[in-house]
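Only one structure is covered here, and it is reproduced in the block below.
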Amino acid sequence: MPKSVRPYSPHAAGISSFIEHPAGFFMDQEGRRAKKVMGLESCRISCGEGGATLEFGLSLTALWVGYYRIREASVPSPLFFDPLAKALMKEENAEWAFQRMQDALEDTLFMSKAAYTRTEQGFFPVRTRFIDDHVDRSLYNHALLAERGSGGQSRRQLQVVDIACGFDARAFRLNFPDNTVFFEVDRAEVIALKTDRLAHIFPPPSLTCAKRVCIPADILLDDWEADLVAKGFEASLPTVWICEGILTYLPEPQALAFLARVRDVSAPGSTLVCDVVNDMIRNAAPMRKRMDLLRKDGAQYNLFISNPVAFWKSKANFSDVKYHLPGEGTASYGRIPPHPFLRAMRLTIRVVISTSLLSGAFLCGYYLSLWVAVPVMLGLIVVGEGWALLFQEWLALRLTMTLYPVAYFTEVSV
């Protein structure tokens, strides 16, 4: 049970330039009918000359992911439960978005549409749970540090910032410490629509954190950092940053500029969790038609990270980089089997090492006397096995990230 549950009162969060018509259309303030996009207004973000233009396609992808959040409630052993998903995203809209994205997949020689769909059915719930667990661990560590630094007397604020939060409902479902403030940042239109839908839920949903604060802002164009501080964010305290399903859509220069802004308002000990894709996704056979759809909808993939350590340390200037392939270690949850290509790389490397050892042993036995061959062979075994222990996993991961399409999770620290 949550340590503290407070009643929720709808929070005024910005002014939308569109109003929702009862039939599902949107109208501007002069009464002209705007584009109908399954319950979401058509929004445009301009990143400047030569930059990205993100339109309603981002809302399409939010509804598509929302389909899996709604679906999770009906599976035998759910990884999480989002009681507000249906009310916020409208089940019929989420199903429409899911079907549209499925129609944009193709059967290929190595993977059918059905097989790719099964992969996504595992990936999205695991992504949500992985981020949930990161938030829980990080807040626990921040609370411990606060107590140690003040002899157990401090009740300083714990804070989470959900960037491009969309219809995420973590502020209403995670088991937060009772001094946690949850900040949600997204475009004014999205915040307004979400607030309106929350206001129409009866009985009103209760927060599981001390306070939920909405920041209506464009993360690329607006001064959202100042808005955060004005509404209670404390830059001197460690923060948990959530960037779920957003970085992939930003071109690298915009992504790095945004991450620099995050870093500038993050105290030491702050963490960031996100999901990204590698470069091989760009030309993945089942995804080609879908990539065209996303490009036409203005939600094309723009950021591809095949070397996460180099990107996050050298380019973005974060530290303690950890990346997790779905199905491996803490990114499985029994939903996703071990990554097939990564397993193949591990086996291949092990075979190469074993073959090298056997060849060395054969040559030693053939050319050297017994009393010399035995210690040499033992030395080869020790060196070979030591090399395997030190480099096998690293090399297997690097080969997988370079040669196979992967969407994966990343945790970094400031």
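Those residues that are charged (D, E, K, R) and either free of Cβ contacts under 8 Å to residues at least 12 places away in the same chain or open to solvent by less than 30 Å² (accessible area, probe 1.4 Å) (or both), I need them from the range 240-252; list them, please.
Filtering the range 240-252 for residues charged (D, E, K, R) gives 244, 252.
Selection gives Glu244 alone.
Only one residue in Arg212, Arg197, Arg261 is part of a helix (DSSP H, G or I) and either touching a Gly at 6+ places or on another chain (Cβ under 9 Å) or surrounded by 17 or more Cβ atoms within 10 Å (Cβ to Cβ) (or both). Which one? Outline the logic, then answer.
Working: Arg212 fails: part of a helix (DSSP H, G or I); Arg261 fails: either touching a Gly at 6+ places or on another chain (Cβ under 9 Å) or surrounded by 17 or more Cβ atoms within 10 Å (Cβ to Cβ) (or both).
Just a single option satisfies the conditions, and that option is Arg197.
When Ala255 is evaluated against the numbered criteria (1) part of a loop (DSSP other than H, G, I, E, B); (2) surrounded by 23 or more Cβ atoms within 10 Å (Cβ to Cβ), which criterion, by number, is the only one it fails?
Tallying (1) part of a loop (DSSP other than H, G, I, E, B); (2) surrounded by 23 or more Cβ atoms within 10 Å (Cβ to Cβ), Ala255 fails exactly one: (1).
When only residues in the range 264-273 that are polar (S, T, N, Q) and part of a loop (DSSP other than H, G, I, E, B) count, which is nearest to Leu220 (Cα to Cα)?
Step one: filter the range 264-273 for residues polar (S, T, N, Q), giving 266, 270-271.
Narrowing further to those that are part of a loop (DSSP other than H, G, I, E, B): 266, 270.
Values: Ser266: 17, Ser270: 21 Å.
The selected residue is Ser266.
Which pairs turn up if I take residues in the range 140-153 that are closer than 17 Å to Glu234 by Cα and modelled with pLDDT of 60 or more and look for partners that are open to solvent by less than 90 Å² (accessible area, probe 1.4 Å) and not in a helix (DSSP H, G or I) with beta carbon separation below 6 Å, at least 6 apart in sequence or on another chain?
Once the first residue is closer than 17 Å to Glu234 by Cα and modelled with pLDDT of 60 or more and sits in the range 140-153, its partners that are open to solvent by less than 90 Å² (accessible area, probe 1.4 Å) and not in a helix (DSSP H, G or I) give His142/Leu158; His142/Pro238; Ala143/Pro177; Ala146/Ser154; Ala146/Arg156.
Report the residue count in the range 170-194 for those that are surrounded by fewer than 22 Cβ atoms within 10 Å (Cβ to Cβ) and either without any contact (Cβ under 8 Å) to a residue 12 or more places away in the chain or in a loop (DSSP other than H, G, I, E, B) (or both).
Total meeting the criteria: 5.
Of all residues in the range 264-277, count the ones that are under 17 Å from the mean Cα position of the chain (by Cα) and either crowded, with 21+ Cβ neighbours inside 10 Å or among the charged types (D, E, K, R) (or both).
Looking only at that region, the number is 7.
Based on this model, can you work out whether Pro338 counts as more than 21 Å from Tyr249 (Cα to Cα) and either open to solvent by 20 Å² or more (accessible area, probe 1.4 Å) or out of contact with any Gly (no Cβ under 8 Å at 6 or more places or on another chain) (or both)? Please lay out each step first, then the result.
Values: more than 21 Å from Tyr249 (Cα to Cα): yes; either open to solvent by 20 Å² or more (accessible area, probe 1.4 Å) or out of contact with any Gly (no Cβ under 8 Å at 6 or more places or on another chain) (or both): yes.
For Pro338, the condition - more than 21 Å from Tyr249 (Cα to Cα) and either open to solvent by 20 Å² or more (accessible area, probe 1.4 Å) or out of contact with any Gly (no Cβ under 8 Å at 6 or more places or on another chain) (or both) - is met.
(1) farther than 24 Å from Val276 by Cα; (2) small (Gly, Ala, Ser); (3) without any contact (Cβ under 8 Å) to a residue 40 or more places away in the chain: which one isn't true of Ala114, the others all being true?
(1)
Is it fair to say Phe167 is under 18 Å from Asp264 (Cβ atoms), touching a Lys or Arg at 6+ places or on another chain (Cβ under 8 Å) and aromatic (Phe, Trp, Tyr)? If you could, list the steps in order and put the result at the bottom.
Numbers: under 18 Å from Asp264 (Cβ atoms): no; touching a Lys or Arg at 6+ places or on another chain (Cβ under 8 Å): yes; aromatic (Phe, Trp, Tyr): yes.
So Phe167 fails the test.
Within the range 319-326, identify whether any single residue is assigned to a helix (DSSP H, G or I) and hydroxyl-bearing (Ser, Thr, Tyr), and answer yes or no.
The first filter runs over the range 319-326 and keeps only residues assigned to a helix (DSSP H, G or I), leaving none.
Looking for residues that are assigned to a helix (DSSP H, G or I) and hydroxyl-bearing (Ser, Thr, Tyr), one finds none in the range 319-326, hence no.
Among (1) farther than 17 Å from Ile131 by Cβ; (2) open to solvent by 60 Å² or more (accessible area, probe 1.4 Å); (3) at pLDDT 80 or above, there is one condition Gly329 misses while meeting the rest; what is its number?
It fails just one condition, (1).
Name the pairs: first residue in the range 212-238 and farther than 13 Å from Val160 by Cα, second residue of a type in the set (Val, Ile, Thr) and part of a helix (DSSP H, G or I), Cβ to Cβ under 7 Å, at least 6 apart or on different chains?
Pro216/Ile191
When you look at Leu145, is it over 21 Å from the mean Cα position of the chain (by Cα) and either open to solvent by 50 Å² or more (accessible area, probe 1.4 Å) or within 22 Å of Ser332 (Cα to Cα) (or both), yes or no? It would help to see each step written out before you state the result.
Values: over 21 Å from the mean Cα position of the chain (by Cα): yes; either open to solvent by 50 Å² or more (accessible area, probe 1.4 Å) or within 22 Å of Ser332 (Cα to Cα) (or both): yes.
Judged against the criteria, Leu145 is a match.
If a residue has to be assigned to a loop (DSSP other than H, G, I, E, B) and over 18 Å from Trp241 (Cα atoms) to count, how many in the range 294-318 make the cut? Can you show your working first?
As a first pass, look at the range 294-318 and keep what is assigned to a loop (DSSP other than H, G, I, E, B): 297-303, 305-307, 316-318.
Applying the additional criterion that residues be over 18 Å from Trp241 (Cα atoms) yields 297-303, 305-307.
Count: 10.
Considering only the range 57-99, state which residues are acidic (Asp, Glu), open to solvent by 50 Å² or more (accessible area, probe 1.4 Å) and in contact with a helix residue (DSSP H, G or I) (Cβ under 8 Å, 6 or more places away or on another chain). Quick ask: steps written out before the conclusion?
The first filter runs over the range 57-99 and keeps only residues acidic (Asp, Glu), leaving 72, 82, 91-92, 95.
The next check asks that each one be open to solvent by 50 Å² or more (accessible area, probe 1.4 Å); those that pass are 91-92, 95.
Passing the criteria: Glu91, Glu95.
Can you tell me which residue in the range 226-239 is farthest from Ser138 (Cα to Cα), limited to those that are open to solvent by less than 30 Å² (accessible area, probe 1.4 Å) and outside any loop (DSSP other than H, G, I, E, B)?
Ranking the qualifying residues of the range 226-239, first place goes to Leu228.
Among the residues of the range 255-274, how many are hydrophobic (A, V, I, L, M, F, W, C), out of contact with any Pro (no Cβ under 6 Å at 6 or more places or on another chain) and closer than 16 Å to Ser138 by Cβ? Full working, then the answer.
Applying the first criterion (hydrophobic (A, V, I, L, M, F, W, C)) to the range 255-274 yields 255-260, 262, 265, 267, 272-274.
This time we only want the ones that are out of contact with any Pro (no Cβ under 6 Å at 6 or more places or on another chain), so: 255-260, 262, 265, 272-274.
Add one more test, that the residue is closer than 16 Å to Ser138 by Cβ, and what stays is 262, 272-274.
Matching residues across the range 255-274 total 4.
Any residue at all in the range 100-109 that is buried (at least 20 other Cβ atoms within 10 Å of the Cβ), in contact with a Lys or Arg (Cβ under 8 Å, 6 or more places away or on another chain) and in contact (Cβ under 8 Å) with a residue 60 or more places away in the chain?
Residues of the range 100-109 buried (at least 20 other Cβ atoms within 10 Å of the Cβ): 101, 105.
Imposing the further condition that a residue be in contact with a Lys or Arg (Cβ under 8 Å, 6 or more places away or on another chain) reduces the set to 101, 105.
Applying the additional criterion that residues be in contact (Cβ under 8 Å) with a residue 60 or more places away in the chain yields 101, 105.
Scanning the range 100-109, I find at least one residue that is buried (at least 20 other Cβ atoms within 10 Å of the Cβ), in contact with a Lys or Arg (Cβ under 8 Å, 6 or more places away or on another chain) and in contact (Cβ under 8 Å) with a residue 60 or more places away in the chain, so the answer is yes.
Considering only the range 114-127, how many residues are open to solvent by less than 10 Å² (accessible area, probe 1.4 Å) and out of contact with any helix residue (DSSP H, G or I) (no Cβ under 7 Å at 6 or more places or on another chain)? I'd like the intermediate steps shown before the answer.
Restricting attention to the range 114-127, the residues satisfying the condition of being open to solvent by less than 10 Å² (accessible area, probe 1.4 Å) are 122, 125-126.
Filter once more, so that each one left must be out of contact with any helix residue (DSSP H, G or I) (no Cβ under 7 Å at 6 or more places or on another chain): 122.
Residues meeting the conditions: 1.
The values are calculated or read from the model by the stated rules, or taken from the named source; none is laboratory data. On a predicted model such as this, the values are computed, not experimentally measured, just so you know. Every residue, glycine as well, gets a Cβ built from its backbone with ideal geometry; the counts of neighbours run over all protein chains shown. Please note that ligands, DNA and RNA were not included when accessible areas were found on the heavy atoms of the full protein model with its side chains. Shrake-Rupley method; radii C 1.70, N 1.55, O 1.52, S 1.80 Å.
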